[in-house]
Amino acid sequence: MEIEIRINEDEEDVEDVEVLDFIFNGLPRQLYTRHNHFDTLDDAAFRRRFRLSRACVLDLLISIERELEFPSDMNNAVSPMNQILTCLRVFSTGGHLQNIADFMGMHLSTVSRIVKRVSEAIARLYRQHIKFPSTNDEMSENQRNFFSISGFPKVVGAIDCTHVKIQSPGGVDGEIYRNRKQYFSINTQVICDANLKIMNVVARWPGSAHDSNIFNHSRIKDDFEDNVYPNCLLLGDSGYANGKYLVTPLLNPRTPPEQLYNESHIRTRNVIERCFGVLKRRFPILAYGCRLKVDTCLIIIVAASVLHNLALRHNDNVPPPLPELVNEEQLERLIQDGQIVAPGDIRNRRHVDGTRDFLIQNYFGNL
């Protein structure tokens, strides 16, 4: 019994020493082994995990390296390249940050700070990579590209909104983020060209906001109202009001010119649906849901749009699937019948001007 008592006393003494050591010196520092994925992975594996090619990532590194560089390498500072890859891994998986931390060899809190820091740095490249055509030559080139799709004249861009799923923000105003499909989201307005390049992004409205309301309060509408883009049209779906610069499909086409107009409209406007498909397949965090703060989600949407255009500039294309809820055979049948039926859209609005009728009578009616 005396021996057993001495052993227990020794164990208690050791535990007391460890507790006192934690009190005075803190927890022991944990060192992580950082993985050099940029050099160790082959091109195909790298692209599968980060959704961008090496050349594209190097281009991005050159643009934002100064903003990510730490003053020194003390305390095992994370290199700018590893910061970018950490952020891209979050974009490309939409997974929990703890899984990303284990994959990159970092602490959870480090990953959380890096995602916001890198996303902000990428989003600040907005004016360099996302811009509307400003010269007559650029607008004419856009119009020619759209015209080559299905013969629709004067089109400079296709506009639509997409919902980016988020977790419930809570609070008094949390319910305004619940959309008509009963999940929480950010309703994001995007305008793209015929090559799927994003020319304008509005990512600040909650899921309950209507598409037309977002457009009515956007700067791009003010520019069209001020005739900054003369002789140019935007193509939108029936969720928008028909106007002199934004044209929508006919709800009940009867005559051959009207059916031809609808056919040309849906084929030409389909680029925005393909753009959403490519964007959300490349960065699944926009499709599966972003489980971060709302302000961070808004930054991530803009950053993903910048990366999308950067990838297009490097010809780094991902074969997109058809958008959700779209059946290829059904789509072709709708085109052949000259009908456009948006899911859940049973609205029947009066059109406020004769822009679309003018196109039908003076262009499609003569073909």
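The values are calculated or read from the model by the stated rules, or taken from the named source; none is laboratory data. Nothing here was measured: the structure is a model prediction, and the numbers come from that model. For neighbour counting, all protein chains shown are included, and Cβ atoms are generated from backbone atoms with ideal geometry for every residue, glycine included. Heavy atoms of the whole protein, side chains included, go into the accessibility calculation; ligands, DNA and RNA do not. Shrake-Rupley method; radii C 1.70, N 1.55, O 1.52, S 1.80 Å.
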- Between the modelled labels at Asn362 and Thr255 (7 Å from Cα along Cα→Cβ) the distance in nm is 1.5
- When N is the residue count of segment 112-227, what does its C-alpha Rg come to as a fraction of 2.2 N^0.38 Å? 1.25
- Spin-label model distance (nm) - Ser53 vs Lys221, 7 Å beyond Cα toward Cβ: 4.0
- Message: Given a 1.4 angstrom probe, what's the average accessible area per residue across segment 51-143, in square angstrom?
- Response: 49
- Per residue value of the accessible surface for segment 153-262 (all protein chains in place, 1.4 Å probe), Å²: 43
- Determine the alpha carbon to alpha carbon distance for each of Lys221/Lys293; Lys181/Lys221; Lys154/Lys221; Lys197/Lys293; Lys131/Lys293; Lys116/Lys165 and list only those over 25 Å. Lys221/Lys293; Lys181/Lys221; Lys197/Lys293; Lys131/Lys293
- Query: How many nm is it between the label spots at Ala45 and Ser72, if each spot is 7 Å from the Cα in line with the beta carbon?
  - Reply: 3.6
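Quick check: net charge around Gly170, other residues with Cβ under 15 Å of its Cβ, Lys/Arg +1 and Asp/Glu -1?
Working: positive: Arg178, Arg291, Lys293; negative: Asp173, Glu175, Asp295.
It works out to a net charge of 0.
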- Ordering of 286-293, 40-47 by burial proxy (mean other Cβ atoms within 10 Å per residue, highest first): 286-293, 40-47
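Across every pair of different alpha-carbon atoms, what Kirkwood hydrodynamic radius in Å does segment 96-156 reach?
Numbers: mean 1/r = 0.0664 Å⁻¹.
Roughly 15.1 Å, rounded to one decimal.
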- Message: If I stretch the segment between Asn213 and Arg178 completely, what's the gain in nm (0.36 nm per residue apart, minus their alpha carbon distance), one decimal?
- Response: 11.0 nm
